[in-house]
Structure formats: structure tokens, C-alpha cells
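The values are calculated or read from the model by the stated rules, or taken from the named source; none is laboratory data. These figures come from a predicted structure and were not determined experimentally. As a convention, Cβ positions derive from the backbone with ideal geometry for all residues, glycine included, and neighbour counts pool all protein chains shown. Surface accessibility is based on the protein's heavy atoms, side chains included, excluding ligands, DNA and RNA. Shrake-Rupley method; radii C 1.70, N 1.55, O 1.52, S 1.80 Å.
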Amino acid sequence: MNTINNPDRSKWSGILKRPTQTVADIEQTVHKVFDEIRLTGDVAVRKYTKAFDGIELDTFKVTASEMDAASAEISQELKEAIALAKKNIEIFHAAQRTERVVVETMNGVKCWQEKKAIQKVGLYIPGGTAPLFSSILMLATPANIAGCEEIVLCTPPDKNGNVNPAVLYTAKLCGVTQVFKIGGIQAIGAMTFGTESVPRVYKIFGPGNQFVTVAKQLATRYQVAIDMPAGPSELLVYADDSANPAFVASDLLSQAEHGVDSQVIMVCTSEKMLKLVSDEVEKQLDELPRKAIAQQAIENSKLILVDSEETALELINEYGPEHFIVCSENEDYFVENIVNAGSVFIGNYAPESAGDYASGTNHTLPTNGYAKQYSGVNLDSFMKQITYQKVSEEGIKNIGPAIELMAEAEGLQAHKNAVTLRLKSLNQ
């Protein structure tokens, strides 16, 4: 890992730059795939599944027998682990329910707000080098709690045209309504436009590589919402001398193994701790089955020494990490003052893996600095709010004159007239 000592603030933006391609590098490819899917539907999906995933499929939809067979391929121990995680995720997300908000703003004017589930949602679950069945727990569970009617899932097939059994088992357990063997740009395109096989959805959720991220962003041009621009994974750890260097190194490597474009950063005020963590990273890296992937990610990663906790916090907020781990004797200072982070993990015994799998919080989080303006997925992500107003005769008398004056001032005579007619009818 690259060690950087007390960098000048003028160099922070360069040091904290993510190892990602720009949208312009990818957008042209996404546009081409989208245009073909919009015009030819399944034909285009089939073409790009062969081109990108190396498999030619006659049908994309996973059958009921395939879903049932997956259960037999999962160990009982894994089923119990999935059940534990699902329960914690349900508890945390169910607690996010809020009641209808009702208020009478003035006599005769009653306003209220209610949440309604988004009817049709699409979930994208990466396959690639790691079948992320845990993401199904994080997305389908709150979708069900919210009351979404259709939950469509797309995930890439392997070279034999199959889907990892843990993905299928978890999808069935969590109430996914349809599963399709489609990955990457073509999956986002299919859910955006709808094809002969795949229904069009109203909002798309889920992590993915840079191509998936750009595809989701472009989907918003076609009346489809997305959870957030969630791209390659990232982690930032702040650690002082109270941290366990082996634990810190394991956290850095846990994110580095996600993909070669992942980024991990450690910020510290202790040169001794930086050295201990760096040595531990090298030691643990040699033991990882995914060493080749993690090694490339580590090359994009940094150990940053700063002169004070105040400087550290300022730098961390500037970066806006997807995951932020704080292991410090002064943890309250960081916990209370962090403003830009997707999810925060506190103390030596709170690995980022806990949030990835089973603590109950959601692991679909903003990356690439978007933690400055986006939240991670939560129950409200699967809902929309509708406002209502009921105005009585007394109410229109109370607010009507103000509306008339404001509408006239804006030059909107028909708006004024809509009130004037009602007021006149009450005075007759």
C-alpha cells in the first residue's frame, strides 16, 4: 500500500481520487446496448449475454424447478446463517416504519402524508467473481416489508447457464417474484424498457461494476428511478494506537477482495500503527484465495498519516467513504462529527463484514463520494410519499383570499379564478 505522510490540503483531491473510469468512457457502450434492447428486446439481451457472459440462452427466466432444486444444494449451516441475517435485517428495517402524518394547518384545511410502496422494483445482483446473495437479503427483505407487489431480480448466469444456488435459495426465501439469468448492462436495460420476457420496473436497486453503475444512471432518462449510483466498493479506516493492527488489515483486505477497482484507505495519526497495519496486510494477503484481485485493489489504496484527529476527520468527510470504520480511544469525536459516510462501524469488534451480512443495517451504500448527498438503501427507498389535502367551506374562506392575491401577482388568472368561483358560490 502507498504511504502518504501529512499531505498538503491542496493535494487531497488527487490523493483521494477513486480508481474508476469516467462516465464518458463507458456511456457510449451503454447507449448502444440500451438502444438495441429498446428496439429488439430479448434478441438484444440474448446477443449481449453471449458477448459479455459467454453463454447463449434460449430462455432467461429461472424455472420453479430450478428454484426448488437450489435448496438441496445449500448446507443447513448456511441456511441457518441466512435466516439469522434475514431476521436482523427485518428487525432493523421494520423499525423504520412511520405513521401517517396528519395536521390541520388552519381551520378547515386538513393536510396529510402517507407512504405507498413502489409497485414494481428491479433488483440487480452481481455474479461475476462473487455471487452476492447477501444483496438479495438487503434488497428483497425491505421491499417485502414495504409491500412492493412485483420484485424482479436479474443476475448473471455462469458459463453453463446456471445461477449460484445460494442466490436462488435466498431469492425464494425473500419473496422475489421472478428471477432472470441476465447480467450487466443488458440486465439494467431489460428492466428499464421491458422485453418479451422481462417486465419493466419503476425503480432499480443493487450494486454492480462501473458499467452497471453508468447503466443505472442512464436508466433515469427513461422514467426509471434508481437507488443511488453504487459502483465499486470502498472502505476507509481511522485507527489510532488503541486499534488491533491485524483486525484493521483484515478489514482493508475484506474490501480489497471485492474487485480490482475497489479502494481501501487507512487514515492515522500514528506512524507506528501505519507500519504495523502495512506489515499485517502483506502477511494476510498471501493467505487469501482471491489474492490476485486483492493485490490489484491494494495498489490503488493508501495509508495516510496526518498530524491530528481534526485533520483526519476533515479528510474523511472530504472523501465521503461508503464504509467508515473508526477504532479510536476518542471514537465519540468521529462518530458525532462524521457527516459524509454511507455506514459507520465503531470499535475493534465491528468489522465491515458485519454490515455486509448480518448486523441488520443495509449494505447497499453510496460510493464514489456520493455519501455526501445520498443515503444507503432503507425502507423508505422502496416507498414514495403522497400528500393529501381536504379543504372545507370554512377552509377555502380562510386561505382563498391569500391564494387569489398570490396567483394574481404571478399573472396566473385561471389559478385565481378557481378560488374566486368557489368563494362566490359560498356568498350567494
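Overview of results
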{"item": "Selected residue (criterion: nearest to residue 163 (Cα to Cα)) from residues of the stretch 50-67 that are under 28 Å from the mean Cα position of the chain (by Cα) and among the small types (Gly, Ala, Ser)", "result": "54"}
{"item": "Only listed residue being basic (Lys, Arg), open to solvent by 20 Å² or more (accessible area, probe 1.4 Å) and at pLDDT 85 or above, chosen from 291, 302", "result": "302"}
{"item": "Residues of the stretch 219-239 that turn out to be at pLDDT 95 or above, surrounded by fewer than 22 Cβ atoms within 10 Å (Cβ to Cβ), within 16 Å of the chain's Cα centre (by Cα) and not β-branched (Val, Ile, Thr), as a count", "result": "1"}
{"item": "Whichever residue in the stretch 89-105 is among the aliphatic types (A, V, I, L, M) and surrounded by 12 or more Cβ atoms within 10 Å (Cβ to Cβ) and, among such residues, is nearest to residue 189 (Cα to Cα)", "result": "89"}
{"item": "Qualifying strands (runs of 3 or more DSSP E) (wholly inside the stretch 190-276; at least 1 residues being among the small types (Gly, Ala, Ser))", "result": "234-239"}
{"item": "Yes/no for residue 167 being aliphatic (A, V, I, L, M), in a strand (DSSP E or B) and at pLDDT 95 or above", "result": "no"}
{"item": "Selection count, the stretch 119-157, where residues are assigned to a helix (DSSP H, G or I) and either buried (at least 18 other Cβ atoms within 10 Å of the Cβ) or acidic (Asp, Glu) (or both)", "result": "13"}
{"item": "Failed condition for residue 55, given (1) open to solvent by 50 Å² or more (accessible area, probe 1.4 Å); (2) closer than 24 Å to residue 178 by Cα; (3) at pLDDT below 95", "result": "(1)"}
{"item": "Qualifying position, being of a type outside the set (Lys, Arg), surrounded by 13 or more Cβ atoms within 10 Å (Cβ to Cβ) and within 30 Å of residue 89 (Cβ to Cβ), among 407, 350", "result": "350"}
{"item": "Condition met for residue 272 (within 30 Å of residue 384 (Cα to Cα) and at pLDDT 95 or above)", "result": "no"}
{"item": "Answer residue from the stretch 321-347, given it is assigned to a loop (DSSP other than H, G, I, E, B) and acidic (Asp, Glu) and is farthest from residue 95 (Cα to Cα) among those", "result": "329"}
{"item": "Residue identified as more than 30 Å from residue 315 (Cα to Cα) and in contact with a helix residue (DSSP H, G or I) (Cβ under 7 Å, 6 or more places away or on another chain) among 406, 383", "result": "383"}
{"item": "Residue check, residue 116 without any contact (Cβ under 8 Å) to a residue 24 or more places away in the chain, open to solvent by 20 Å² or more (accessible area, probe 1.4 Å) and within 21 Å of the chain's Cα centre (by Cα)", "result": "no"}
{"item": "Residue satisfying all of: in the stretch 66-113; touching a helix residue (DSSP H, G or I) at 6+ places or on another chain (Cβ under 8 Å) and among the polar types (S, T, N, Q); farthest from residue 398 (Cα to Cα) among these", "result": "71"}
